[in-house]
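Below is one structure, written out as structure tokens; comments come after it.
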Amino acid sequence: MVEAAVAAGGAGSVLFVKEPGLANRLQRLAVEESRLGIPLMFGFDVIHGLRTVFPVPVALAASWDPETIERSQAVAAREARAAGIQWTFAPMVDVTRDARWGRIIEGAGEDPYLGSAVAAAQVRGFQGDLGPDRVLAGPKHLAGYGASQGGRDYDEAEISDSELRNVYLPPFRAAVDAGAGTVMSAYMDLNGVPASGNRWLLTEVLRDELGFDGFVVSDANAVKSLETQHFAASPTDAAVRAVSAGLDMEMCMFDPAFRTLPQAVADGLVDEEVIDRAVRRVLAAKFRLGLFEQPYVDEGAADALLGAPAHRAAAREAAERSVVLLKNDGALPLEASALGSIAVIGQLADSKRDTLGPWVFDHVTDDAVTVLEGVRSRVGDDVRVVHAPGAGIPGRMFPSMFDRMDPTVEHTPDDHDDEAEIARAVALAEASDLALVVVGERQNQVGENASRATLDLPGRQLEQLQRIAATGTPVVLVVMSGRPLDLRWADEELPAIVQAWYPGTSGGDAVAAVLFGDVSPAGRLPFTWPRHVGHVPMHYAHLRTFDPEQQGRRYWEEPSTPLYPFGHGLGYATFAYSGLRLDRERIRVGEQVQVRVDVTNESGRDADEVVQLYVHQRHGRASRPVRELKGFRRIRLAAGETRTVGFDLGPDELRYWSASDRDWVQDATTVDVWVGGDSTADLATAFTVTEGADR
Ligand code: BGC
């Protein structure tokens, strides 16, 4: 069917092809047999690696390290191109503040500033100079998908004009500024109009305001969904309205609505010029990729390139840099020589497939290193390492299409005797010097169409953890998840908690390196970690209330403070901040101030720190958040070293979209500045902004 469509010139791009031989076969049909001989473009979800699997996107964001992120996606691009893929449906740049939404794992968390830096780094990594080892990037899903109501996937999003521009659009702007060749439209209704048929969004905002000049592709089947969403009257109406809105290519599984466009032109429903415009944009992308000069992929190159040792090393480094140490009372790093035995507990501790995370399609599951394997190889024969899977993790209620495609997806077996397995795990832990308990969600419990109504540890994982702790054996907790989970008990009772995410191909080695102190962790949370599901949506950059003590923001049952703040993450070194200073204390609107701070590594080991800068304006045309991230830098300091870190604050950082002015504004005001290691940093200064000179 695909072959016939390609030979008839009925397909411009083909998705989900990842074998070079098949790509070339289809390409030959397009180039040699179709009427116009236009080469195909092969698109694929290369989200966090192809064969070599990097940590999931939210984990990469947790590295707060644009260089690592760029390098990771450049490796992914190289592997993709070798497999015959020229275009990725990534990065996902949707800001979200709702951990129930499964797709939180695919983005960069809650913050527009961090999200913009991560989006731009990914586009640079994928596209580079668009040479023969790079792919076109496709930031998605325009726009507001992360605000779907109740965290339910595909549900409507109602977003105010100011929130849309100040929070949800900045990462798209950053991706466009970095040169992204394509953009994918979202499924859901944005303020009552489906994003994929939304002319205001796809043309006025994306093209006229953000200056995008590539092509817009719909999300899978999202043009036909315009009818399902009771927006369009028929497939023809859906196609006409989508293309007229500025959507240039329809992504679909079968029977495209765009097939009706020739007749629609003949019937006068849409101008031929509108179709030409869409075609021109897609052709321009194919020219940019050099497909007219070289449409074929070298079938001999993939074998050596996919999963190459250098790629695995890059994935390991990225994983080491993304681990977040949530809590440490001094139990970490572990000292192998002081331990006779370690019990590594949990189904996730030795699940290769779960270690890789969701959104992988060309992985070799056996290549993955689990936490158990990582620990074993780190300690060698010196320490006895035993393992019990323990509590079963119930699968998700609705298995996904991807689960069905992948025979290596792990499930708790039907004959799993939970009570007996938990008892065995507890006994093993009791007989060991240390219990390393790995808890979390299976990789298919988070991602697309994997929203949750609670943030509890699935199954009896918490009960098992409590029973293990009750044995008196010291417990170190490792969490594998793509969203914050309810860790109140663990935070209260356990000495150390490590957020490992789904760390990818070399994940277990990276986690072991952190646990045993070969690496000092410096990942930082890209979202606020709520205590309880009742907290969500939750984010640090909220507005102040009228009540100076913020009492009304409390719940009866739970403090309204997060369990861990945005930007939080510990390491094995301690850093001191001092000498926060400005080059001047008054600026005019439009001018810049330079902020400097001295950061000292007070420990005896070299380590990374993520220096974060937050601002707040005290008054202005609109109420502004209590804090907003406006600068960060991940730096490495040698033991005892002091370094001065500088940030510039000017109109780019201080202006915002004012709904009442319907414009970007910068106020004359007082700006508070905080610099430190997370969003609660208390080292502060302030400067005054006065009106600009009359123009
Ligand atoms: C997702 C997109 C993805 C597409 C193709 C859709 O269901 O929303 O993010 O790129 O499928 O796999």
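Assorted remarks:
- Taking the DSSP bridge list for the stretch 311-535 and keeping only pairs wholly inside it, about 15 percent are antiparallel.
- Where labels lie 7 Å past Cα in the beta-carbon direction, separation of A233 and D329 in nm: 6.9 nm
- Annotation for the stretch 563-588 versus the stretch 97-112: alpha-carbon center distance of 25 Å.
- Remark: the stretch 9-15, residue by residue, has Karplus-estimated 3J(HN,Hα) of x, x, 9, x, 8, 10, 9 Hz, where x stands for each Gly or Pro and the curve is 6.51 cos²θ - 1.76 cosθ + 1.60 at θ = phi - 60°.
- Amide H contacts of S341 (H built 1.01 Å from N, in plane; Pro and chain starts excluded): R384, D433, L434 sit under 5 Å, all sequence-distant by 5 or more or on other chains.
- For the stretch 370-376, the Karplus equation 6.51 cos²θ - 1.76 cosθ + 1.60, evaluated at θ = phi - 60°, returns couplings of 7, 4, 4, 5, x, 5, 4 Hz by residue, with Gly and Pro reported as x.
- The calculated FRET efficiency for D648 paired with T690, based on their beta-carbon distance and R0 = 25 Å, is about 0.85.
- You can think of it this way: the chain between S623 and D366 has 87.3 nm of extra reach, that is 0.36 nm per residue less the Cα-Cα gap.
- Fully extending the segment from R655 to T680 would add 6.7 nm, taking 0.36 nm per residue of separation and subtracting the current Cα-Cα distance.
- Using the Cβ of R483 as centre and a radius below 15 Å, the other residues enclosed give a net charge of -2, where K and R count +1 and D and E count -1.
- Of the GluC sites (Glu not before Pro) found in the stretch 639-695, those that fall in a DSSP loop while having at most 16 other beta-carbon atoms within 10 Å are E641, E691.
- Of the residues V589, V217, the one with the largest accessible area comes first in the ranking V589, V217, computed with a 1.4 Å probe on protein heavy atoms.
- Qualifying GluC sites (Glu not before Pro) for the stretch 262-366 [loop in DSSP, other Cβ within 10 Å: at most 12]: E293, E335
- Its Cα centre serving as origin, the chain has a Cβ charge dipole (Lys and Arg +1, Asp and Glu -1) of approximately 1020 debye.
- Taken along its three principal axes, the alpha carbon spread of the stretch 1-93 comes to 49, 23, 19 Å, from the longest extent down to the shortest.
- Of all lysines in the structure, those lying under 24 Å Cα to Cα from K18, and not within fewer than 8 positions of it along the same chain, are K140, K286, K352.
- Cα shape, the stretch 263-314, gyration tensor, a/c 1.5 rule: prolate
- Using alpha carbons only, the radius of gyration of the stretch 311-535 set against its Kirkwood radius gives Rg/Rh = 0.93.
- Potential lengthening of the chain between D433 and T561 amounts to 42.6 nm, from the contour at 0.36 nm per residue minus the alpha-carbon distance.
- Placing a label point 7 Å from the Cα of D382 along the Cα-to-Cβ direction, the residues of the stretch 503-529 with a backbone N closer than 14 Å are 513, 516-518.
- Longest site-free stretch - the chain; sites: chymotrypsin sites (Phe, Trp or Tyr not before Pro), DSSP loop, at most 11 other Cβ within 10 Å: 255-545
- With contributions of -39500 (n - 2.57) from each DSSP H run of at least four residues, the per-residue ellipticity at 222 nm computed over the chain stands at -7500 deg cm²/dmol.
- Taking every C-alpha pair closer than 8 Å and separated by at least 6 residues, the mean separation divided by the residue count of the stretch 575-690 gives a relative contact order of 33 percent.
- Calculated FRET value between R404 and R588, using beta carbons and R₀ = 41 Å, to 0.05: 0.10
- Overall form of the stretch 66-141 per C-alpha gyration tensor (a/c, 1.5; a/b vs b/c): prolate
- For K327, the amide hydrogen comes within under 5 Å of the amide hydrogens of I497, counting only partners 5 or more places away or on other chains and with H modelled in the peptide plane.
- Relative contact order computed over the chain (Cα-Cα under 8 Å; 6+ residues apart), in percent: 13 percent
- Per-residue ³J(HN,Hα) for the stretch 614-622, Karplus 6.51 cos²θ - 1.76 cosθ + 1.60, θ = phi - 60°, Hz, x for Gly and Pro: 10, 10, 8, 9, 7, 7, x, 5, 9
- Distant-in-sequence amide contacts of N221, defined by a placed amide H-H separation under 5 Å and a gap of 5 or more residues or a different chain, comprise M251, C252, M253.
- Net charge of neighbours whose Cβ lies under 13 Å from the Cβ of D456, counting Lys and Arg as +1 and Asp and Glu as -1: +3
- DSSP-assigned coil residues among trypsin sites (Lys or Arg not before Pro) in the stretch 1-75, each with at most 15 further Cβ atoms within 10 Å: R35
- Over all projection directions, the Cα-based convex hull of the chain averages an area of 31.9 nm².
- For R384, the shell of other residues with beta-carbons less than 12 Å away shows a net charge of -2, using +1 for Lys and Arg and -1 for Asp and Glu.
The values are calculated or read from the model by the stated rules, or taken from the named source; none is laboratory data. Small disclaimer: the values here were computed from a predicted structure and weren't measured. Methodologically, a virtual Cβ is constructed for each residue, glycine included, from the backbone with ideal geometry; neighbour enumeration extends over all protein chains shown. These accessible areas exclude ligands, DNA and RNA; they are computed on the full protein's heavy atoms, side chains included. Shrake-Rupley method; radii C 1.70, N 1.55, O 1.52, S 1.80 Å.
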